[in-house]
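Comments concern the structure below.
The values are calculated or read from the model by the stated rules, or taken from the named source; none is laboratory data. Nothing here was measured: the structure is a model prediction, and the numbers come from that model. Virtual Cβ from ideal backbone geometry, glycine too; neighbours counted across all protein chains shown.
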């Protein structure tokens, strides 16, 4: 064996060992029962580099959200607002601990959110949909001027509109410079109509598991500019109540005992989950406008498991038929092509595992198509070699000419398909992107296995002074 051939085989074996190393965590993880996987996932013991299953395979929830463009600021373009909304929603979900989430823009004002493994979308829906407009206002304890407004409140069945604002007939009774807001614990309070400090001034937010009232609370810190404004606000209103308002509802109204600058706390009768959700939305920031869920679907894990079994069975059956056909029709050359095809599958799965790619049913289709392209390349090479064999050329010339003459067709067909896949990846959404990713990876691998690996096998055979190869 020449040094050049030894290097080729050393590279192939090294890639094969690396592929087995990256594929093994998939086998170890997905061979566990679903309940055990969910428990380990919750504990954060899921392997980092492995194939993730998409919504159609794993089960979970899908939400289609619509951004209320009528509530956008006139200064913010729609495309920028959509990009900011997607980023904020992504940050919220990431902090909530949902892995492999797909968040994509649909049309001008819709956002598709896929949550694999989340069978009950209610909590995620509440988390995503919060506008999270945090404001700090001073409570006006003297409500004499607003007495008529409060009386009207008591006799009106729905005093607030869907956005949490007072209906016009009550709002006109509120004195200038003031505003009436609903208290979370019940009742109403009169507060200033402007908020000099908002959630935009926050730097961080976290849950304090046990506050003075016995319930979890949310501690927050301001950035430099926010700390300065909050210090001015609290310093000028000592011994007054400071209303902490979230989405037009007063969460709590503690009395300001001293000037506060950097840090504060939101208290109330929160559950641990409510406090966690509040901390997440405050940390991630406020949405540019409210979003509403216009469609939601839940796919059970059983259906996902059935999809996996069906997809694996179909793929395995197709692979066996191809391997059998190649071995029968092309004899020894077909067996070599079969080896390359199996290596193509192994290398593709390993690469996807390394990058923690998400596998979906369209992704499996892309993988099958790439395998078909790989076997097509081998067929081109073998047919070219058959043509050279009919001319009774020596075996080494048959092999070299077969690869040289088939290369241009192989290269053209794979590159043009990769270009199509790149366009699908760039302009497609959701499942289309999953198909494109696996297709592109599979095609790049097929160029390696169909040309480099099979040629190395033929060159190894030639070292044994073989006079003829069965085609």
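Out of 323, 391, 312, 369, report the one residue that is within 26 Å of residue 20 (Cα to Cα), surrounded by fewer than 18 Cβ atoms within 10 Å (Cβ to Cβ) and without any contact (Cβ under 8 Å) to a residue 40 or more places away in the chain.
Working: 323 fails: surrounded by fewer than 18 Cβ atoms within 10 Å (Cβ to Cβ); 391 fails: within 26 Å of residue 20 (Cα to Cα); 369 fails: without any contact (Cβ under 8 Å) to a residue 40 or more places away in the chain.
None of the other options fit; the residue is 312.
Please verify whether residue 14 is closer than 19 Å to residue 347 by Cα and either touching a strand residue (DSSP E or B) at 6+ places or on another chain (Cβ under 7 Å) or in contact (Cβ under 8 Å) with a residue 60 or more places away in the chain (or both), treating the condition exactly as stated. Reasoning before the result, please.
Working: closer than 19 Å to residue 347 by Cα: yes; either touching a strand residue (DSSP E or B) at 6+ places or on another chain (Cβ under 7 Å) or in contact (Cβ under 8 Å) with a residue 60 or more places away in the chain (or both): no.
Judged against the criteria, residue 14 is not a match.
Among 328, 294, which is the only one that is part of a strand (DSSP E or B) and either buried (at least 18 other Cβ atoms within 10 Å of the Cβ) or modelled with pLDDT of 80 or more (or both)? Please lay out each step first, then the result.
Details: 328 fails: part of a strand (DSSP E or B).
Just a single option satisfies the conditions, and that option is 294.
Have a look at 222, 230 and point out the one that is assigned by TED's automatic domain parsing to the domain that holds residue 168, in contact with a strand residue (DSSP E or B) (Cβ under 8 Å, 6 or more places away or on another chain), farther than 30 Å from residue 143 by Cα and surrounded by 14 or more Cβ atoms within 10 Å (Cβ to Cβ).
Values: 230 fails: farther than 30 Å from residue 143 by Cα.
After ruling out the rest, the residue left standing is 222.
Which condition breaks for residue 269 when tested against (1) farther than 21 Å from residue 224 by Cα; (2) surrounded by fewer than 18 Cβ atoms within 10 Å (Cβ to Cβ); (3) more than 31 Å from the chain's Cα centre (by Cα); (4) modelled with pLDDT of 75 or more?
Condition (4) is where residue 269 drops out.
Among the numbered criteria (1) surrounded by 19 or more Cβ atoms within 10 Å (Cβ to Cβ); (2) modelled with pLDDT of 75 or more; (3) within 26 Å of the chain's Cα centre (by Cα), which single criterion is violated by residue 282?
All conditions pass for residue 282, except number (2).
Among the residues of region 120-142, is there at least one that is assigned by TED's automatic domain parsing to the domain that holds residue 270, exposed (fewer than 13 other Cβ atoms within 10 Å of the Cβ) and at pLDDT below 85?
Yes: one or more hits.
Quick one: in region 81-98, which of the residues that are more than 11 Å from residue 128 (Cα to Cα) and at pLDDT 80 or above is surrounded by the most Cβ atoms within 10 Å (Cβ to Cβ)?
Once the filter is applied, the top-ranked residue is 82.
Could we say that residue 454 is modelled with pLDDT of 90 or more, under 37 Å from the mean Cα position of the chain (by Cα) and assigned to a helix (DSSP H, G or I) here? First the steps, then the outcome.
Values: modelled with pLDDT of 90 or more: yes; under 37 Å from the mean Cα position of the chain (by Cα): no; assigned to a helix (DSSP H, G or I): yes.
Considered against the rule, which asks whether it is modelled with pLDDT of 90 or more, under 37 Å from the mean Cα position of the chain (by Cα) and assigned to a helix (DSSP H, G or I), residue 454 comes out as no.
Picking from 43, 13, which residue would you name as being over 30 Å from residue 133 (Cβ atoms), surrounded by fewer than 12 Cβ atoms within 10 Å (Cβ to Cβ) and at pLDDT below 80?
Sole residue among the options that is over 30 Å from residue 133 (Cβ atoms), surrounded by fewer than 12 Cβ atoms within 10 Å (Cβ to Cβ) and at pLDDT below 80: 43.
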